[in-house]
Amino acid sequence: MKEVFNLCGIVGSVGKSQTYEFLVDCLEKLEYRGYDSCGIAVNDNQIKINKSVDGVKSLLDLTILSGNLGIAHTRWATHGKVSLENSHPHICNLKRFAVVHNGIIENYREIKDKYLSEYYFNSETDTEIIINLFSCFYDIYHDVNLTLNKLIKILVGSYSLVIIDNLNSEKIYFIKNGSPLFIGVGENFNTIASDVNCFKDVLNYVVLNDYEYGYLSKDQYSVYFAEKEVKKKEHELEITEDVYDLNGYEDYMLKEIEEQKKVIQNIMDNYYDFTLNKNLINKLKQTKKIYIIGAGTSYHAGLIGKVMLDELYNKEVYVKVASEFYYENNVDVENAFLIFISQSGETKDLLKCYERFSKADSLVITNVKNSSLDLLCTYSLYLYANKEIAVASTKAYIAQILILFIVRFNLKHDFLIVDEFNKLLDSVTDIYQQKNKFLEIANNMKHTSAFYIGKGIDYFVCLEAALKLKEVSYIHAEGLMSGELKHGSLALISEDVPVVALISDKKIETKVRNSIEEIKSRKGKVFSIVTENIGINDDIILKEVHDYLLAIIMAIPTQYIAYYTAKRLNLNVDRPRNLAKSVTVE
Ligand code: F6R
């Protein structure tokens, strides 16, 4: 495992008559990996390049480049600012080879000094070093395979590369190391990309492993490892529906919020008897210590998982933010079990934890088959949430909680799980019917700050609700323990700070209601979201579900509130500023 991962999406295609348009289409599906800038190179007996800093679609406003072989890139800036010069593809000084790169080269300075002192550079990127190094060694070996193999020996860092040659309009070359790369096999065309979900017209796909390299032409591909050809297994591509179809919705975020009922149903279908792998369950039963590891929203789902597992009494359960856990001292994973929660399965902070603690057995709860964590962990459980496209996670969060619920059920059969799923479906249906009320609350989110308050599980949902509001509406929001308000944060309350209180637990109802009164007597405006057995004069009343699933029904209204607030502010809800869907940098 390499030290550095990088965002960015790369794709190449050979054999399509409208390669340029095809690559634009693929890039749109890869934009979740970064959307600062993009570019395409097509080989039409000469490499021609178009770049843009105005989003992938704008590539269609430029001259459409003809040719049936090309490579493309969508970028999330790491080395160098967002500019056309820094956008990929990059071409070598001799204008013969062009590359798209996903990763970071750590020894680029040494390479520049040792091999490329005579070369000139147009960008601030490490990628230009790679393509000139390639060109430099090709001049010595006159053989692409030897050159690729030499690059693997010299480059340090992560570098999934797709390369084209001006003098060969039939082959695309590649190396995979660090960042994901897959070959898509079509009829009379082949493609290669960072994510199988961008594949169109592809029948089968091949998962590439680190340090594999090779080429693809329109009717063939070859993969090598350390100068030996490797026979690769082809997997059937299961894309059951066009996940990129908005189905009449204005944005993916709303579509995904409203798909959550379908996700619940999908999970019921895919885990039809709710019996998980025996070895996994035995391991979990035997282990005394469980670490649940996640980042952002997935960490918030982990907090709910801890509540479920804590009630088994015989285990120590810890929930860890991956970026912190990696640096914790005195962590003893001897006889511990790790549960990674990651929608993408690619989050760098989690991969680093895996790397450090890999001697412990592990389970990943992920939405992406063949993602890095899926391939690394001992066990995998899938979310079956279909692809999540909006940057703000919604349906993956509820799916993560449901999978944890199924894990918990397998450890102790103390409820009727099908009944609980059915009750949940009923409650979510009811939530969808209350949309106007969420819109009303969102209309009050018009100040620079907002708070979500709650206790216990509700507090964990408050953390998620605040994150959602922040990331799509850019309003400063915090999730607070209601009991902690009086210890400091109450100082911030005024009529300009809307507060949303979540109450799903009858036992602590009066405590949270006391906090609400404290806020109101300081002129604060409070909206309450509560469950049926608590609700009286509350703003939103939700139908009861199993205690472990309360987080799901409490969270959905807050997803709507974030969505409607961002829409009112005319923001791009699917692609909030400065973010990317899959965070493969530290
Ligand atoms: C927020 C959000 C992020 C992710 C986090 C982890 O809406 O989506 O906080 O949850 O970046 O990503 P995964 O789950 O892919 O590891």
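Which numbered condition in (1) at pLDDT below 95; (2) among the aliphatic types (A, V, I, L, M); (3) touching a helix residue (DSSP H, G or I) at 6+ places or on another chain (Cβ under 8 Å) is the only one that ILE536 fails?
With respect to (1) at pLDDT below 95; (2) among the aliphatic types (A, V, I, L, M); (3) touching a helix residue (DSSP H, G or I) at 6+ places or on another chain (Cβ under 8 Å), ILE536 is out only on (3).
Restricting attention to segment 269-284, does a residue exist that is part of a helix (DSSP H, G or I), within 30 Å of ALA566 (Cβ to Cβ) and not aliphatic (A, V, I, L, M)?
No, segment 269-284 contains no residue that is part of a helix (DSSP H, G or I), within 30 Å of ALA566 (Cβ to Cβ) and not aliphatic (A, V, I, L, M).
Yes or no, residue by residue, for (1) among the small types (Gly, Ala, Ser); (2) surrounded by fewer than 23 Cβ atoms within 10 Å (Cβ to Cβ):
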position: ILE154; (1), (2): no, yes
position: LYS176; (1), (2): no, no
position: SER194; (1), (2): yes, no
position: CYS198; (1), (2): no, no
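Would you confirm whether or not segment 291-303 contains a residue that is away from the ligand (no atom under 16 Å from the Cβ), crowded, with 17+ Cβ neighbours inside 10 Å and modelled with pLDDT of 95 or more?
Checked against the condition, which is being away from the ligand (no atom under 16 Å from the Cβ), crowded, with 17+ Cβ neighbours inside 10 Å and modelled with pLDDT of 95 or more, segment 291-303 yields no hits at all.
Just to be sure before I move on: is SER323 among the small types (Gly, Ala, Ser), under 27 Å from ASP458 (Cβ atoms), within 13 Å of the ligand (Cβ to nearest atom) and surrounded by fewer than 23 Cβ atoms within 10 Å (Cβ to Cβ) in the structure I sent?
yes
Is it fair to say LYS523 is among the basic types (Lys, Arg), more than 15 Å from the ligand (Cβ to nearest atom), in contact with a Gly (Cβ under 7 Å, 6 or more places away or on another chain) and without any contact (Cβ under 8 Å) to a residue 60 or more places away in the chain?
So LYS523 fails the test.
Mind listing whichever residues of segment 383-393 are within 13 Å of the ligand (Cβ to nearest atom) and either under 15 Å from SER179 (Cα atoms) or at pLDDT 95 or above (or both)?
Hits for segment 383-393 are LEU383, ALA385, ALA392, SER393.
Could you say whether any residue in segment 20-37 is outside any strand (DSSP E or B), buried (at least 24 other Cβ atoms within 10 Å of the Cβ) and at positive phi?
Among the residues of segment 20-37, at least one is outside any strand (DSSP E or B), buried (at least 24 other Cβ atoms within 10 Å of the Cβ) and at positive phi, which makes the answer yes.
State whether one or more residues within segment 327-343 are touching a helix residue (DSSP H, G or I) at 6+ places or on another chain (Cβ under 8 Å), under 18 Å from ASN209 (Cβ atoms) and either at pLDDT 95 or above or within 9 Å of the ligand (Cβ to nearest atom) (or both).
The answer is no; no qualifying residue exists.
Can you tell me which residue in segment 75-129 is surrounded by the most Cβ atoms within 10 Å (Cβ to Cβ), limited to those that are in contact with a Phe, Trp or Tyr (Cβ under 6 Å, 6 or more places away or on another chain) and free of Cβ contacts under 8 Å to residues at least 40 places away in the same chain?
Checked segment 75-129; the qualifying residue surrounded by the most Cβ atoms within 10 Å (Cβ to Cβ) is GLU128.
Considering (1) of a type in the set (A, V, I, L, M, F, W, C); (2) in contact with a strand residue (DSSP E or B) (Cβ under 8 Å, 6 or more places away or on another chain); (3) crowded, with 21+ Cβ neighbours inside 10 Å, say which one ILE406 fails and leave the rest.
(3)
Any idea which residue in segment 555-584 is surrounded by the most Cβ atoms within 10 Å (Cβ to Cβ), counting only those that are within 11 Å of the ligand (Cβ to nearest atom) and part of a loop (DSSP other than H, G, I, E, B)?
In this case the residue turns out to be THR584.
Filter segment 443-456 down to residues that are of a type outside the set (Gly, Ala, Ser) and either surrounded by 21 or more Cβ atoms within 10 Å (Cβ to Cβ) or touching a Cys at 6+ places or on another chain (Cβ under 7 Å) (or both), then give me how many there are.
The number of residues fulfilling the criteria is 5.
The values are calculated or read from the model by the stated rules, or taken from the named source; none is laboratory data. For clarity, every value in this text was computed on a predicted model and none was experimentally measured. Backbone-built Cβ (ideal geometry, glycine too); neighbour counts: all protein chains shown.
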